[in-house]
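*Asks:* Once you've had a glance at the structure underneath, I'll fire off some questions.
The values are calculated or read from the model by the stated rules, or taken from the named source; none is laboratory data. These numbers were taken from a predicted model, which means no experiment stands behind them. Note that we place each Cβ from the backbone using ideal geometry, even for glycine, and neighbour counts take in every protein chain shown.
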């Protein structure tokens with residue numbers, strides 16, 4: 001019977017051979033899930049034997065990861081802005097760089113901001129729910145084209161106790177929002193990958209994550225440009241639109257925003273890459 005340490009090392013080596021990122025951490029997190037302990041407790045038990053039933057359960061989870069299924073799908077959750085969100089297949093996995101949108105919102109809006117905001121392409125609802133938690137007077141409309149993200153976002157709103165202020169709706173971009181809604185804020189992590197770049201993506205993304213949340217025409221710019229156009233009819237004068245974009249897309253989106261009547265700036269994420277367009281609606 002192998003010890004916990006030996007099991008971790010076995011799967012770490014297997015993950016290295018398969019090209020899986022963070023192989024030791026992955027092995028530890030999977031085994032912690034099997035044993036229903038946190039990672040800190042797991043590391044205190046490394047000399048303990050691993051029961052056959054637990055070894056079999058770990059084997060099943062590890063085989064899924066070796067097939068390059070995202071770790072967040074296997075664990076059923078992902079951290080975002082220091083909070084845990086439920087995640088499942090059919091929902092875009094939250095990324096740390098998307099937290100830049102929340103940081104900007106906190107910088108640009110007063111803590112007591114009231115009224116309505118919208119999160120376009122909500123996915124897991126991580127942006128919508130986090131906005132509701134960070135701005136206790138704000139209501140948020142969480143929009144997504146697909147039914148699975150709408151359900152998961154609603155589950156996450158309940159999980160974090162903000163279901164009364166987060167309304168989850170299915171719709172194409174801003175189509176469900178009535179003209180003249182006077183939104184105080186709009187956030188968006190649209191699909192922005194050029195379909196021509198699909199072969200360059202890791203299999204965790206290209207094979208497992210939802211295509212409608214990944215790919216957009218016009219070299220990845222089509223969805224973002226459409227949101228900029230549609231938002232003019234639903235934002236209050238002076239309101240902010242905060243939108244994530246891909247590498248080297250910022251100048252093109254900023255130009256589109258300026259032509260449409262916004263004041264626009266580009267902001268970098270923690271890695272130093274230009275990541276978020278902050279566009280203030282000025283024309284009305």
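*Asks:* What strands (runs of 3 or more DSSP E) completely inside the stretch 72-146 contain at least 1 residues that are under 24 Å from residue 264 (Cβ atoms)? Break it down into steps so the answer makes sense when it comes.
*Replies:* Details: elements: 77-80, 83-86, 115-120, 138-144.
In the stretch 72-146, 115-120, 138-144 are the strands (runs of 3 or more DSSP E) which contain 1 or more residues that are under 24 Å from residue 264 (Cβ atoms).
*Asks:* Pull up the stretch 142-156, narrow it to residues that are surrounded by fewer than 24 Cβ atoms within 10 Å (Cβ to Cβ) and touching a helix residue (DSSP H, G or I) at 6+ places or on another chain (Cβ under 8 Å), then point me to the one that is nearest to residue 229 (Cα to Cα).
*Replies:* 145
*Asks:* Pairs under 6 Å by beta carbon, first residue surrounded by fewer than 14 Cβ atoms within 10 Å (Cβ to Cβ) in the stretch 9-35, partner part of a helix (DSSP H, G or I) and modelled with pLDDT under 95, six or more apart or different chains?
*Replies:* none
*Asks:* From the list 272, 261, 246, 238, which one is free of Cβ contacts under 8 Å to residues at least 60 places away in the same chain and in contact with a helix residue (DSSP H, G or I) (Cβ under 8 Å, 6 or more places away or on another chain)? So that I can check it myself, show each step before the final result.
*Replies:* Numbers: 272 fails: in contact with a helix residue (DSSP H, G or I) (Cβ under 8 Å, 6 or more places away or on another chain); 261 fails: in contact with a helix residue (DSSP H, G or I) (Cβ under 8 Å, 6 or more places away or on another chain); 238 fails: in contact with a helix residue (DSSP H, G or I) (Cβ under 8 Å, 6 or more places away or on another chain).
None of the other options fit; the residue is 246.
*Asks:* Keeping to the stretch 96-124, report how many residues are closer than 14 Å to residue 190 by Cα and in contact (Cβ under 8 Å) with a residue 60 or more places away in the chain. Break it down stepwise before answering.
*Replies:* We begin by selecting, within the stretch 96-124, every residue closer than 14 Å to residue 190 by Cα; these are 97-98, 101, 118-124.
Next, only the ones that are in contact (Cβ under 8 Å) with a residue 60 or more places away in the chain stay: 97-98, 101, 118-121, 123.
Final tally of qualifying residues: 8.
*Asks:* Here's a follow-up. I'd like to check which strands (runs of 3 or more DSSP E) are fully inside the stretch 164-265 and have at least 2 residues that are within 20 Å of the chain's Cα centre (by Cα) and within 16 Å of residue 279 (Cα to Cα).
*Replies:* On the way: elements: 166-170, 183-188, 235-244.
Strands (runs of 3 or more DSSP E) meeting the threshold: 183-188, 235-244.
*Asks:* Identify, by number, the condition in (1) surrounded by 21 or more Cβ atoms within 10 Å (Cβ to Cβ); (2) under 24 Å from residue 89 (Cβ atoms) that residue 206 doesn't meet.
*Replies:* Looking at each condition in turn, residue 206 falls short on (1).
*Asks:* What is the one condition in (1) within 26 Å of residue 34 (Cβ to Cβ); (2) in the same structural domain as residue 228 (by TED's automatic domain parsing); (3) crowded, with 21+ Cβ neighbours inside 10 Å that residue 96 does not satisfy?
*Replies:* Failed condition: (3).
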